[in-house]
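Below is one structure, written out as structure tokens; comments come after it.
What follows draws every value from the coordinates through simple rules; no lab data is involved. As the structure is a prediction and not an experimental result, all values here were calculated from the model. Because the Cβ atoms are built from the backbone with ideal geometry, glycine has one as well, and the counts that use them run over all protein chains shown.
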Amino acid sequence: MILSKVYSKFQASKGVFTDSRKIIDQGLFFALKGPHFDGNQYALKTLELGAIAAVVDDPKVAEKHPDCILVEDSLSCLQQLAQMHRRKLQTTIIGLTGSNGKTTSKELIYSVLSQKFKTHATQGNLNNHIGVPLTLLQIEPDCEIAIIEMGANHKGEIRELAAIAEPDLGYITNFGYAHIEGFGSLEGVVQGKSELYQDVQSRSGTIVINGDDAKQVALMENYPCLSYGTQPHNDIVLEYLTHTQKPIELRYQDTIYSSQLHGDYNGPNLGIAFALGVHFELNLSQIAQGILDYTPNNQRSEWKTVGENRVFLDAYNANPSSMRAALKSFASNHPNGIVVLGDMYELGDISEASHLEIAQQAIALGFKKIILVGSHFGQLKRKEASLHFCSDAAAVRHLWETEDWKNEVILIKGSRGMTLEKIIES
């Protein structure tokens, strides 16, 4: 009964919000709680400033205003509301997760499918237990396809998110050494991410796999899947063409499709967008335009000109899998380049070994200069004293200015918390 009342308010509102500092006029406010905040404290303020109603779970707050809706738990109510809304939609939901490349794949898929359909996709990093419900509640009734990105750092999370979103189609980018601290091991990552496939299977939905990924092929050998990749056994056979001075391209049936992405590790990201274009029956010119239209941004695989230097900025996130791929790709195109590598977070017991492995890989690849940034890499000084170590982005910036780098090609990659983009900020 209460959920129906909340849904009625949602339908009458101009959207849902959870941050009292970003009030939506005539929006529906959900008072969420965290370790250091309680949204109930701001519910009355949001009503004063234009919210249509406030969903709260504090009885003392609820009794102070008639537009407060008291529920047992505001977060649970938000998730239930999102699931109810999803079930009323006629929208095809694509669920997407994985260790690396989620956002790039999501944006490419959106760019392709929006050439034909009214399409919605997760904005920013709204991919967790709060972000997924908020994303679902942004979907308009006339939306035809929605791409829902799902992130997780321990087992069980993807299962919970998929239960809310109920995706019709599922895709996992890959299984890598990300969030090992929460998942416990690579096998834990596989189990956790595969919860998406299990959910889709339970409703006889469609699963698309990178057929070049042996783990995915083995995992789904007993379920009919749409596969894409470079091997001839795939349903959609592609070829990824990488170049030193220009973006990666994709070949399909003797036609080449151009992109604005660099790095051979982006091949499968282009591949899934192409495969879904085929699956949803776009014509090839629409797919080509969608792939070409996507411009990498937000510190993900961005080429920038900084002074007289070219910088490949990939500083939105990092883990051992993505770091290895980035180093290998950069070395193949710029073997005499400079690499600036920041700490990788949430690696738990494998942290020291992983940072050492990445440092040794960088050494083996023979770069002109290797700069390691952060306290985790800093622990390697006693083992790799020949390398350059910096405490943070500001220290790298100082080194750059001191040495007066010119005409260099530079890779910058690290975890989000390292904020390595500050190295090149004006």
Filter on LYS328/LYS369; LYS9/LYS60; LYS246/LYS304; LYS102/LYS413; LYS9/LYS88 - keep pairs with C-alpha separation over 19 Å: LYS9/LYS60
Inverse of mean 1/r across different Cα pairs in region 326-395, Kirkwood, Å: 12.3
Ratio Rg/Rh [Cα only; Rh per Kirkwood] for region 135-177: 1.00
Cα long-axis angle, helix 393-403 against the chain (0 to 90 degrees, to the nearest 10): 30
Kirkwood Rh, angstrom, region 247-374 [1 / mean 1/r, Cα pairs]: 16.4
Cβ-based exposure ranking for THR206, THR46, THR119, THR244, in which fewest neighbours within 10 Å come first: THR244, THR206, THR119, THR46
For ASN153, net neighbour charge (Lys/Arg +1, Asp/Glu -1) across residues whose Cβ lies under 10 Å away: -2
Per-residue Cβ neighbour rank within 10 angstrom, fewest leading, LEU276, LEU241: LEU241, LEU276
Relative counts (whole %) of C-alpha pair distances in region 89-293, using bins that are 5 Å wide: 1, 8, 16, 20, 22, 16, 11, 5, 1, 0
Reduced Cα scattering model of the chain, Debye log10 I(q)/I(0), q = 0.11, 0.12, 0.14 Å⁻¹: -0.92, -1.06, -1.28
Rounded to whole Hz, the Karplus (6.51, -1.76, 1.60) HN-Hα couplings of region 61-72, x for glycine and proline: 6, 4, 6, 8, 8, x, 8, 8, 10, 8, 10, 5
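Using Cα-Cα distances under 8 Å and only pairs 6 or more residues apart, what relative contact order does the chain have, in percent? Display every interim value, and only then the final one.
On the way: 894 pairs, mean separation 47.9, N = 426.
In percent, rounded to a whole number, it is 11.
List the relative contact order of region 2-73 as a percent without decimals, with contacts defined as Cα pairs under 8 Å and 6+ residues apart.
25
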Rounded D (µm²/s) - region 125-223, Kirkwood Rh over Cα pairs, Stokes-Einstein at 25 °C, 0.890 mPa s: 174
Length added when fully stretched, LEU365-SER204, from 0.36 nm per residue minus Cα-Cα: 53.4 nm
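I'm checking a number: the convex hull volume of the Cα atoms of region 2-73, normalised per residue, in Å³. What is it?
Details: hull volume 5.6 nm³, N = 72.
Convex hull of Cα atoms, per residue: 77 Å³.
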Bins of 10 Å from zero: percent of alpha-carbon pairs in region 68-176: 15, 49, 29, 7, 1
Which of LEU411, LEU70 has the fewest Cβ neighbours within 10 Å, and the rest in rising order: LEU70, LEU411
Share antiparallel - DSSP beta bridges, region 302-423, percent rounded to 5: 25
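Go through region 66-131 and name the trypsin sites (Lys or Arg not before Pro) that are in a DSSP coil and have 16 or fewer other Cβ atoms within 10 Å of their Cβ.
Within region 66-131, the qualifying trypsin sites (Lys or Arg not before Pro) (loop, at most 16 other Cβ atoms within 10 Å) are LYS118.
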Overall form of region 59-115 per C-alpha gyration tensor (a/c, 1.5; a/b vs b/c): prolate
Rotationally averaged projected area of region 302-423 (alpha carbon convex hull; nm²): 6.6
